[in-house]
Structure formats: structure tokens, C-alpha cells
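The values are calculated or read from the model by the stated rules, or taken from the named source; none is laboratory data. Since the model is a prediction, treat every value here as computed from it, not as a measurement. Reconstructed Cβ throughout: ideal geometry from the backbone, glycine too, with neighbour counts over all protein chains shown.
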Amino acid sequence: MKKQLSRRGNHYYEEGREALSDYRDTLSDYYDEFSSRVGDHLPDLRKKARAIENTAREHPAAAVAVGLVVIGLAASFLFGRR
């Protein structure tokens, strides 16, 4: 009986390793695709982020208000589907 349990354990272990390898390959493919798409647009994103940063520094109350609205929307989305 110990041998059977050992065989089953080894079998499940090998299946898990194969599944993990498949998931890693899939995630690697997704990451490569994502990084190639984002990499092309990174300079534009940096410019927009700097503009948003400057606006937030000039109008801190508005930045706080927008942040609270975003947090409220995220909370309502997460807790509203229960």
C-alpha cells in the first residue's frame, strides 16, 4: 500500500510540474507580448505621467478628490457584486 501511495504521489508531483511548466511558458508568452506593446508606447506614457504629476502638484485638492473617487469606484466594484 505504501508503494501505491508513493506511485500516486509521484504521479501527482509530475503532473504538477508539467502544469507549472506549461503555465510558465504561457505567462512568458503573455509577458513578451505585453512588453513589446508597452515598450513602443513607453515614451508617450512617461510624458503623460509627467503632465499628470505637474497638474497634481499645482492642484493638490483636485488630486485628492480624484483619488478618493477612484478608490470609491474600486470599492463599489469589488464589494457591490456580493
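Quick one: which of 45, 73 is surrounded by 10 or more Cβ atoms within 10 Å (Cβ to Cβ) and in contact with a helix residue (DSSP H, G or I) (Cβ under 9 Å, 6 or more places away or on another chain)?
Working: 73 fails: in contact with a helix residue (DSSP H, G or I) (Cβ under 9 Å, 6 or more places away or on another chain).
Just one listed residue meets the conditions, 45.
Yes/no matrix, rows are residues, columns are (1) assigned to a helix (DSSP H, G or I); (2) of a type outside the set (D, E, K, R):
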{"position": "8", "(1), (2)": "yes, no"}
{"position": "15", "(1), (2)": "yes, no"}
{"position": "23", "(1), (2)": "yes, yes"}
{"position": "34", "(1), (2)": "yes, yes"}
{"position": "37", "(1), (2)": "yes, no"}
{"position": "41", "(1), (2)": "yes, yes"}
{"position": "48", "(1), (2)": "yes, no"}
{"position": "71", "(1), (2)": "yes, yes"}
{"position": "81", "(1), (2)": "no, no"}
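Considering only residues that are part of a helix (DSSP H, G or I) and surrounded by 10 or more Cβ atoms within 10 Å (Cβ to Cβ), which ones fall in segment 50-59?
Within segment 50-59, the first condition is being part of a helix (DSSP H, G or I), and the residues that meet it are 50-58.
Within segment 50-59, 50, 51, 52, 53, 54, 55, 56 qualify.
Quick check: is even one residue across segment 3-12 modelled with pLDDT of 90 or more, surrounded by fewer than 10 Cβ atoms within 10 Å (Cβ to Cβ) and at negative phi?
Kept after step one, since they are modelled with pLDDT of 90 or more, are these residues of segment 3-12: none.
Among the residues of segment 3-12, not one is modelled with pLDDT of 90 or more, surrounded by fewer than 10 Cβ atoms within 10 Å (Cβ to Cβ) and at negative phi, which makes the answer no.
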